[in-house]
Structure formats: structure tokens, C-alpha cells
Amino acid sequence: MWILWAVLAAVSAALVVVLTKAGLKNVDSSLAFAIQAILILAITWSVVLFQGNFTEIKNIERNAWIFLLAAGVFTSLSTLFSYKALSTGNASYVATIERTSLVITIILSIIFLKEKLTWQLVVGGTVMIAGAVLISFSGNEK
């Protein structure tokens, strides 16, 4: 079932890039994210309340709070940086460079989460980087 959710996340992420790029015309990138963040907040808390998970907040351990709050900071920074890049660059180039985060994720998950390094991860990561480089240098930037 995780594959379905991952595919839906990928399609949603692609739509975010394209719709954001279209919406950034004559709008400051930080303001654009702030506007979207209001909806993100409303939608996610609505889902939590609808699912009846709000009471579980008291069961979250201290370390989990630290990791989740740090992830929230980096989510915000990542989005702010991405929107700034989209405000000046082509969506296809920006998304390609941004998605090299997959390779960085592989490296960090091996180091910090002790996930197993396989030849498939090495080859796949190498192909991702090669593809990003190829796409990045394929045409003129906006």
C-alpha cells in the first residue's frame, strides 16, 4: 500500500511545482508560501480532527517532538528555498535539482538511520545525479 501513497505524493509534489510556478507571477515567493501554509495548516489539522487522532498528541515522546519540530523547520526552509528558485528559474530545472534530495536522503538514511546500502541504491542514486546534471545543462535558464 505504501507504493500507492508514494505515487500520490509524487503526483501531488509535481502539481505543487507547476501550480506554484504559475502562481508566482508578480507574487513574492515568501508571501506565496505563507498563503499556502495557511491551507496546509487548516487541511492537516482537519484531517487529524476528522480521524480522531488529536488526543494522541499527549503520547508523543520528547525525542519525537524534537525530530518532528526540526523536520518542520527544514520543511519550511526547503519550501521557501524552492519557491525562491521557482520565482527565477524554470520549473523543470528547479524541480530536477531539488529532487537530488533523494540521493541526499539515501546517504543520510544510511548514516543516521542505519539503513542498508545496496548496489541498487548506488546505481539508482548515480543515475539520479547523472539525470539531474543532464537536465540542468540541457538548455538555457529563464
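A few remarks follow.
- Taking every residue in segment 39-61 that is over 19 Å from V16 (Cβ atoms) and pairing it with any residue that is open to solvent by less than 70 Å² (accessible area, probe 1.4 Å), at least 6 positions away or on another chain, the pairs with Cβ-Cβ distances below 8 Å are F54/V48.
- Filter result for K84 (open to solvent by 70 Å² or more (accessible area, probe 1.4 Å), of a type outside the set (S, T, Y) and touching a residue at least 40 places away in the same chain (Cβ under 8 Å)): yes
- In segment 130-139, the count of residues that are open to solvent by 40 Å² or more (accessible area, probe 1.4 Å), touching a residue at least 40 places away in the same chain (Cβ under 8 Å), closer than 30 Å to D28 by Cα and out of contact with any Leu (no Cβ under 6 Å at 6 or more places or on another chain) is one or more.
- Restricting T75, T20, T55 to those that are of a type outside the set (D, E), part of a helix (DSSP H, G or I) and more than 29 Å from S136 (Cβ to Cβ) reduces the list to T55.
- Only residues that are surrounded by 11 or more Cβ atoms within 10 Å (Cβ to Cβ) and out of contact with any helix residue (DSSP H, G or I) (no Cβ under 6 Å at 6 or more places or on another chain) were counted across segment 119-128, and they come to 4.
The values are calculated or read from the model by the stated rules, or taken from the named source; none is laboratory data. This one's a predicted model, so the numbers in the text were calculated from it and none came from an experiment. Positions of Cβ are backbone-derived with ideal geometry, glycine not excepted, and every protein chain shown enters the neighbour counts. When the accessible area is computed, the model is the full protein with side chains, heavy atoms only, and any ligands, DNA or RNA have been set aside. Shrake-Rupley method; radii C 1.70, N 1.55, O 1.52, S 1.80 Å.
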